[in-house]
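To keep things clear, I will list the structure first and then write my remarks on it.
Every read-out reported here was derived from the displayed coordinates using simple, explicitly stated rules and does not represent laboratory data. Since the structure is predicted, the reported quantities are computational estimates derived from the model, not experimental observations. As a convention, Cβ positions derive from the backbone with ideal geometry for all residues, glycine included, and neighbour counts pool all protein chains shown.
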Amino acid sequence: ESSQNWFADLLLKTLGREFRGVGSFAAGIDVERRFLIDSLGVDSTAFDVVDGSGLSASNLVTPRALVQMLRAMRRHPGADAFVRALPVGGHSGTLRQRFRDTFLEGRVRAKTGSIDRVNTLAGYLELDGGRTWTFAILLNHHTAPNREALRRIDTVVAELAR
């Protein structure tokens, strides 16, 4: 699956241009921070963003901040479009090959993230009875081969579903 990092950086600058009149990282980050803090209630001390792509080692976020954001987005007016845009386990995007032919196929909607020695998965797990769990799993500075790191993350998701 190809990465969309360039588009993410451009989108951040576009936010700055549209809402602050300046198409820069700084302006876009200001818009993003205000949305996350003021509109979604994410703890301002739990994240620091310096670009749109997430490639900078200076980007920091806690699993709790991701869960706060994801939970708030389920109640946001744009929730349907947001959730539909997420890859589905065993079916689409970066999760097309993950969770396939398991009891989790079609029940995980989440965003992946990976860069050297970092693998993440954050999103929603649809449980029986119509319940949905929100989760964020981040493996940072690990020494496992990429495939093993993904297997470990998927094992945690499977345990959450039990």
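Binning all Cα-Cα separations of the stretch 87-156 at 5 Å, short to long from zero, yields these whole-percent fractions: 4, 18, 28, 26, 15, 7, 2, 1. The residue among GLY23, GLN68, VAL50 whose Cα reaches farthest toward the positive pole of the charge dipole of the stretch 1-73, with charges on the beta-carbon of Lys, Arg, Asp and Glu, is GLN68. Taking Cα centroids, how far is the stretch 114-162 from the stretch 23-73 in Å? Cα centroid of the stretch 114-162 versus Cα centroid of the stretch 23-73: 20 Å apart.
Please state the charge dipole magnitude for the stretch 1-85, taken about the Cα centre, from unit charges on C-beta atoms (+1 on K and R, -1 on D and E), reported in debye and rounded to the nearest 20. Show your work: numbers first, answer last.
On the way: 10 positive and 10 negative charges, 54 e Å.
So the dipole magnitude of the stretch 1-85 works out to roughly 260 debye.
What the Kirkwood sum gives for the chain is a hydrodynamic radius of 16.7 Å, with every pair of different alpha carbons counted. Assuming charge only on the beta carbon of Lys and Arg (+1) and of Asp and Glu (-1), the dipole of the chain about its Cα centre is about 260 debye to the nearest 20.
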